[in-house]
1. Could you tell me which of rounded, prolate or oblate describes the range 1-63, using a ≥ b ≥ c as the square roots of the eigenvalues of the alpha-carbon gyration tensor, with rounded for a/c under 1.5 and, failing that, prolate when a/b is larger than b/c and oblate otherwise?
2. Report the local net charge at CYS44: Lys and Arg +1, Asp and Glu -1, summed over other residues whose C-beta lies under 15 Å from its C-beta.
3. Given R₀ = 25 Å, what would the calculated FRET efficiency be for ALA11 paired with THR39, taking r from the Cβ atoms and rounding to 0.05?
4. Return the sequence-ordered ³J(HN,Hα) values of the range 48-54 in whole Hz as given by the Karplus equation 6.51 cos²θ - 1.76 cosθ + 1.60 applied to θ = phi - 60°, using x for Gly and Pro.
5. Counting other beta carbons within 10 Å of each residue's own, what order do LEU58, LEU16 fall into, fewest first?
Amino acid sequence: MPLNIGWGEIALRLALTVAAGILIGINRSEHGHAAGLRTTVLVCLAASLSMLQVNLLLSMAGKTSSSFHCHPIESQNGSRDAELKQVCG
């Protein structure tokens, strides 16, 4: 993922979000689910906009790769999960 995103990438992300929301919404509407096309598109757009805000507001410029460490959480019995060891190193 690039450190800085431009207007073209923002527009592309929003367009793809609307397209995915329409496809999911049409499928849900055809099967008679309560959350249909409009609701699904709005939820998809809200999620996409919140992620765009995070990307724009939390600048990563000037940070080294060591700034992004994964800190595994210990389970209740005090041992670390095997999955977390694999993901976090």
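Throughout, read-outs are computed from the coordinates displayed, never taken from laboratory work. Bear in mind the structure is a predicted one, so any value in this text is a computation, not a measurement. Positions of Cβ are backbone-derived with ideal geometry, glycine not excepted, and every protein chain shown enters the neighbour counts.
1. It comes out prolate by the Cα gyration axes.
2. Values: positive: ARG13, ARG28, ARG38; negative: none.
Once positives and negatives cancel, what remains is +3.
3. Result of the calculation: an efficiency of 0.60.
4. So the J values, rounded to whole Hz, are 5, 5, 5, 5, 5, 4, 4.
5. Going from least to most buried by this count: LEU58, LEU16.
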